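Beneath this line is the structure, given in structure tokens, with notes to follow.
Readers should treat all values here as calculations from the given coordinates under stated rules, not as data from a laboratory. This structure is a prediction, so every number in the text was calculated from the model and none was measured. Note: ideal-geometry Cβ built from the backbone for every residue, glycine included; neighbour counts use all protein chains shown.
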Amino acid sequence: MLVTAIVFLLLLSVLVLVHELGHFLVAKKFGIKVEEFGWGFPPKLWGKKFGETEYTINLLPIGGFVKLYGEDEAGGGRISAGKSPVRKVKSGLERAFFTKPAWQRALVVLAGVIMNIFLAFAIFYVYFFISGFKTTLPLLTNHTFTNANQVNFNTENPDSVISYVMPGSPAESLEMSLPAEILEINGHMAGSREDVIKTVNNNKGKEMVITWKEILTNQTKTGTVTPRANPPKNEGALGVAFLPVTVVSYDTFGQKLTSGITYSYDLFAYTVSVMKSLVSVSVEQGTPAPVGEAVSGPVGIFNAVGDILQFPNIQERILNLLMLAGAMSISLAFFNVLPIPALDGGRLFFIVIEMVTGKKVNARFESLAHAIGFAFLMGLIILIIFSDIFKTLR
């Protein structure tokens, strides 16, 4: 549990600090005074001032912020907008955020999103370098990956390709690198997945010799396993699943050269497509359950990190942590650019209005909007946390 907590906090810290570093660096570039660089959301637990900037650690470790001189209070994670004008700057106007040209303020706001996008690129380049420029995903929706080779398994044809192993199951002891195709059982050709299931069920409680090919590495391995005579509900005797999966590989020099960028785009597009399908199902069924099952917050991510750290193979742990970090960085960039007050996209929305109309939005109104948006986001995060806890305890 302690190791999981440390890895989780390190993972979240890198994503947040890189994001906020983007705001920080661009603000400094344009001569804007940075009053506070905060990790987490208030109340403040610790703070230390270096130069003109106070660096703080706050109670809620699920985000971060950069507080700029001449910015509304909601910009520093504070909910109260106050009754007086929010941009009371008595001196140093030339270094205040709100006095800078709209295009500079827009770049400051967008810098965090851009940093997360580039971080995702870098993470996936490292991922593919380690994995041999191959990866696998559950095939939840039809999607063609850009500038890559793609093979789908367990779709229309009854492939005997294992795509998931239940934790604590007999198959876990085999330490398969998934997806893995079953080739032989007790020296005989395995056949289709129906044949595999039938053979396993006929050998419950008996030791079996299984030969499989790990698709990502193209390695063939053999191991012994004893199927359970009385397996838990919905797990099966061996504890494996033959879910549809897609294997994506980048084989040519050109494919490898762009893999980090194209995969980041494809993973984002793939996720959006899956979410659209889940929303449609939720609307048809009249329940938010399908979407709720797919959405995870801090607790869900913490549990995912814990599951990854249980993998017996160190390389598998590293690859899955990189995949999680890359996906989170993309999600953070996308979520932050949404036009919701208190998020980067909400601030950009008000700046765009100013650029189009030639007039600044009323400072008190904008601050109040960000404060309300911030309160809404905190409420949403709390709701997702409770949902994650409920899913964990089921």
Excluding Phe311 itself, what net charge comes from residues whose Cβ is under 11 Å from its Cβ, given Lys and Arg +1 and Asp and Glu -1? -3
Relative contact order of the range 137-214, please, whole-number percent, based on alpha carbon pairs below 8 angstrom and at least 6 residues apart. 29
Within straight-line cross-link reach of Lys256, lysines at Cα separation under 25 Å, skipping those fewer than 8 residues along the same chain: Lys134, Lys213
Using alpha carbons only, how many degrees (0 to 90, rounded to 10) separate the axis of helix 344-357 from the longest principal axis of the chain? 50
Too-long pairs where the Cα-Cα distance tops 23 Å, listed order kept, from Lys48/Lys360; Lys44/Lys100; Lys198/Lys233; Lys28/Lys359: Lys48/Lys360; Lys44/Lys100; Lys28/Lys359
Here the net charge surrounding Asn203, from other residues whose Cβ is less than 13 Å away from its Cβ (Lys, Arg +1; Asp, Glu -1), is +2
On a 0 to 90 degree scale, rounded to 10, what angle separates helix 2-29 from the longest Cα axis of the chain? 40
Which one, Asn336, Pro170, Ser273, is farthest towards the positive end of the dipole of the chain when Lys and Arg carry +1 and Asp and Glu -1 on their Cβ? Asn336
Estimated distance in nm for a label pair at Ala363 and Glu214, the labels positioned 7 Å out from Cα along Cα-to-Cβ: 6.1
Just to be sure I understand: if I project the alpha-carbon convex hull of the range 235-371 onto a plane and average over all orientations, what area do I get in nm²? 13.9
Can you give the relative contact order of the chain as a percent, counting alpha carbon pairs under 8 Å and 6+ residues apart? 19
Classify the range 156-243 as rounded, prolate or oblate from the Cα gyration tensor: take a ≥ b ≥ c as the square roots of its eigenvalues, call it rounded if a/c is under 1.5, otherwise prolate when a/b beats b/c and oblate if not. rounded
Helix 102-131 axis, angle to the chain major axis (alpha carbon atoms, nearest 10°): 20
When Asp159, Asp195 are ordered from fewest to most other Cβ atoms inside 10 Å of their Cβ, what list results? Asp195, Asp159
Here the net charge surrounding Glu184, from other residues whose Cβ is less than 14 Å away from its Cβ (Lys, Arg +1; Asp, Glu -1), is 0
Share of pairwise Cα separations in the chain, more than 35 Å, in percent: 38
Extension length gain for Leu380 and Lys48 (0.36 nm per residue less Cα distance), in nm, is 116.5 nm
Percent antiparallel among DSSP beta bridges with both residues in the chain, to the nearest 5? 90
